1. Name the residue, out of C:Lys76, C:Lys52, C:Lys39, that is of a type in the set (D, E, K, R) and within 12 Å of the chain's Cα centre (by Cα).
2. Suppose we filter region B:10-39 for residues that are in contact (Cβ under 8 Å) with a residue 24 or more places away in the chain and either polar (S, T, N, Q) or over 20 Å from C:Leu57 (Cβ atoms) (or both); how many remain?
3. Does region B:9-20 include one or more residues that are out of contact with any Gly (no Cβ under 6 Å at 6 or more places or on another chain), polar (S, T, N, Q) and under 30 Å from A:Ile27 (Cα atoms)?
4. Here are some residues: A:Val50, A:Val10. Which one is within 18 Å of C:Ile36 (Cα to Cα) and modelled with pLDDT of 85 or more?
5. Restricting the first residue to region A:66-81 and requiring it to be more than 7 Å from every other protein chain (Cβ to nearest Cβ) and modelled with pLDDT of 85 or more, which pairs with a second residue that is open to solvent by 50 Å² or more (accessible area, probe 1.4 Å) and part of a helix (DSSP H, G or I) meet a Cβ separation below 6 Å and a spacing of at least six or different chains?
6. Do the conditions hold for B:Leu104, that is, is it at pLDDT below 80, part of a helix (DSSP H, G or I) and within 14 Å of chain A (Cβ to nearest Cβ)?
7. I'd like to know if region A:21-33 contains one or more residues that are more than 10 Å from chain B (Cβ to nearest Cβ) and under 22 Å from A:Pro79 (Cβ atoms).
8. Identify, from the list B:Leu68, B:Leu115, the residue that is open to solvent by 30 Å² or more (accessible area, probe 1.4 Å) and of a type in the set (A, V, I, L, M).
Amino acid sequence: MDIRTIVSGVFLFTGCFFMFVASIGIIRFPDFYSRIHPAGKGDTMGQAMVLIGLMIYEGFSFVSLKLLIIVIFILIANPTATHALANAAYVAGLKPWKKGDKR
Amino acid sequence: MSFVLTSIVMFLFWMLLSEEFTFILILSGLVSSLFVSFISHDLLFGRAIDKSDIVRVHRFIRYLPWLLWQIIISNFDIAYRALHPKMPIDPCIVRFNSELKSELGIAILANSITLTPGTVTVMANEKGDFVVHSIVKGDKALPGIDIQAKVKKIEGVMDV
Amino acid sequence: MFDVAAIIIVLAAALVLYRAIRGPMVCDRVLAVNVIGTKTVVLLALIGFIYKRPYFLDIALVYALINFIATIAFLKYREMGRLD
């Protein structure tokens, strides 16, 4: 149990926690626009944390370079995809949920 | 110019993914990267690269630590709101006009708004109009002026 | 360590599957599928580390690309009614 394994484990489980919280948020939030918040933020951050944990475990090699490419791609692509989804719902005329409405 | 740059980038990417350096792999990588950049050399570097692009990349890298910090804060915000039994959310939609002109600046601002706490970009067009869904009303709803100022600073050189 | 993380991520994906089945609108379902896709990318990377086969990372990279393109293509189809 050296220090690198511990640091990578901390990153790994922090990321898992945020991804799990994002799933709970997607289930609990009342309407589509507020479900976008956990999908766009929690998932982006969660995957970055898990994959950075794997990079720390692996050390410097081709494998961690590939992991870095995946992290950077999802960091750019995931907010863009959620933005496209929100835009499609907005064009279709979906009204946002107001406080006091039924859940 | 864009043809040569695109094929160099494609070939480096091929080498990164293949991990082995045998003759047949290098040859096929060379052929396929030349073919890809022959088809689509105007996609990656649409116009000529000048000095202002390098300055802009430098400014973008200096902007990144602040963005990463905002991502961490927004995740704790989301975790608090999703796990709280009463779910303290009060959504509203905000419209505003940012004075950004370039496509790059608008794209960076839209993604930054999505990643900062409490707000998600719903619509953005090339005139700089933004529609933002915020999860709380009031003071925190309007996406900070400081994000706009920061992104404008990155874009800056283009207008000169 | 990796297997526990993989199990947590599978459970999270199963929770999102509820939204994909239940979701009142098409957009909710697409959102759920996109989120499951992101979790699958992480899961593939973890499987590569569990079984010590780094080739799984290539699959993860390609899956990330396909996931993004599928979401965008579906939304484009829904908005315009065609894909050309």
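The values are calculated or read from the model by the stated rules, or taken from the named source; none is laboratory data. Everything numeric here is computed off the predicted structure, so don't read it as measured data. Cβ: placed from backbone, ideal geometry, glycine included. Neighbour counts: every protein chain shown. Calculation scope for accessible area: heavy atoms of the full protein, side chains included, ligands and nucleic acids excluded. Shrake-Rupley method; radii C 1.70, N 1.55, O 1.52, S 1.80 Å.
1. Unique residue meeting the criteria: C:Lys39.
2. Residues meeting the conditions: 5.
3. no
4. That would be A:Val50, the only listed residue that is within 18 Å of C:Ile36 (Cα to Cα) and modelled with pLDDT of 85 or more.
5. none
6. Working: at pLDDT below 80: yes; part of a helix (DSSP H, G or I): yes; within 14 Å of chain A (Cβ to nearest Cβ): yes.
It is true that B:Leu104 is at pLDDT below 80, part of a helix (DSSP H, G or I) and within 14 Å of chain A (Cβ to nearest Cβ).
7. Within region A:21-33, not a single residue is more than 10 Å from chain B (Cβ to nearest Cβ) and under 22 Å from A:Pro79 (Cβ atoms).
8. Answer to the selection: B:Leu68.
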